[in-house]
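To start, the structure itself, in structure tokens.
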Amino acid sequence: MKKYCNTIVRLNILKTGNEFIMGYIDILSRTIIIFITLFIWTRILGKKLISQMTVFDYVAGISLGALVGSSIMTPDLGVLKTMLSISLFAFLSFILGHAVMKHLIIRKVVNGEPTIVIRKGKILEDQLRKIKLNVNDLLMMLRKKDTFYIDEVDAAIVETDGTLSVLKHPSAMSATKKDLNINVKGRGLAYNLVIDGKIIKDSLDALHKSEDWLKTLLKANGYTSIENIILCQIDDQNHLYVDQKDVTYS
């Protein structure tokens with residue numbers, strides 16, 4: 001009887017040891033497979049610096065990381081189910097990213113739009129409230145741009161990734177134009193008239209211009225097809241910038 005009991009104990013110890021080893025092997029194999037799956041999808045989704053991420057990119061990245069972590073530590077899901085869930089989430093992100101690249105309306109909905117928070121040295125409080133930004137945070141962001149005086153700012157824009165872009169008045173720029181007594185007029189903000197072949201009506205409204213005016217202006221400068229223009233800008237000095245799409249040959 002004693003011998004039988006010792007045999008049972010040894011078998012239980014051996015079984016426990018095997019389960020312990022198999023558990024680690026399972027975690028190891030799942031981690032390797034999920035790592036390869038995640039690596040493939042990150043290559044497909046493309047490159048983007050953390051500083052260039054929009055809010056959606058940031059949230060999607062965190063969600064994908066949480067999904068990967070929980071999948072590794074939840075053996076009951078199974079490797080195939082794990083790969084399917086990760087691939088489906090990444091595929092949906094890929095489709096949405098492609099739609100954002102192709103369609104301006106979807107781009108605005110997903111990424112939002114830049115917000116002007118300072119114009120001609122005046123803080124636009126309604127715009128700050130819209131993006132849930134207070135004056136102290138704005139001043140901190142300005143200091144990080146080496147800007148300590150609001151009246152030196154011609155325009156400040158909060159980009160879709162949360163960073164601040166600052167356009168200083170020419171007299172406050174770190175150049176020698178003021179010291180040389182050179183009278184330089186600021187170019188002001190660049191108005192985006194055309195993006196990806198689509199006319200930006202908000203910019204035309206800000207300039208109090210019509211689509212016919214834009215078409216006439218482009219035609220006068222040798223651009224007959226708005227659909228072939230990837231970006232068209234104009235500034236306060238009426239300097240026109242036009243960049244056409246690359247020509248593809250079939």
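The values are calculated or read from the model by the stated rules, or taken from the named source; none is laboratory data. Not measured: the values here are computed from a predicted model. Note that each Cβ is placed from the backbone with ideal geometry, even for glycine, and that neighbours are counted across all protein chains shown. Quick note on the areas: whole protein, heavy atoms, side chains included, nothing else; ligands and nucleic acids left out. Shrake-Rupley method; radii C 1.70, N 1.55, O 1.52, S 1.80 Å.
Test Thr224 against the criterion of being in a loop (DSSP other than H, G, I, E, B), β-branched (Val, Ile, Thr), open to solvent by less than 50 Å² (accessible area, probe 1.4 Å) and at pLDDT 80 or above, and give yes or no. Considered against the rule, which asks whether it is in a loop (DSSP other than H, G, I, E, B), β-branched (Val, Ile, Thr), open to solvent by less than 50 Å² (accessible area, probe 1.4 Å) and at pLDDT 80 or above, Thr224 comes out as no.
Consider Leu204 carefully, then state whether it is of a type in the set (A, V, I, L, M) and either at pLDDT below 90 or open to solvent by 60 Å² or more (accessible area, probe 1.4 Å) (or both).
Values: of a type in the set (A, V, I, L, M): yes; either at pLDDT below 90 or open to solvent by 60 Å² or more (accessible area, probe 1.4 Å) (or both): no.
No: the conditions fail for Leu204.
Pairs meeting the criteria (first residue in the range 176-195 and of a type in the set (S, T, N, Q) and modelled with pLDDT under 65, second residue surrounded by fewer than 16 Cβ atoms within 10 Å (Cβ to Cβ) and in a loop (DSSP other than H, G, I, E, B), beta carbons under 9 Å, at least 6 apart or on different chains) are Thr176/Ile182. Taking the criterion of being at pLDDT 75 or above and of a type outside the set (Phe, Trp, Tyr), the only residue of the range 39-59 that qualifies is Ile40. Could we say that Val79 is touching a Gly at 6+ places or on another chain (Cβ under 8 Å), modelled with pLDDT under 75 and not aromatic (Phe, Trp, Tyr) here? Considered against the rule, which asks whether it is touching a Gly at 6+ places or on another chain (Cβ under 8 Å), modelled with pLDDT under 75 and not aromatic (Phe, Trp, Tyr), Val79 comes out as no. I'd like the residue in the range 227-241 that is open to solvent by 30 Å² or more (accessible area, probe 1.4 Å) and in a strand (DSSP E or B) and, out of all such residues, is farthest from Asp154 (Cα to Cα). Checking each candidate, the answer is Ile230.
With the requirement that a residue be β-branched (Val, Ile, Thr) and open to solvent by 40 Å² or more (accessible area, probe 1.4 Å), what does the range 89-109 give you? Quick ask: steps written out before the conclusion?
Looking only at the range 89-109, we keep the residues that are β-branched (Val, Ile, Thr), and these are 95, 100, 105-106, 109.
Scanning the range 89-109 gives Ile95, Ile105, Ile106, Val109.
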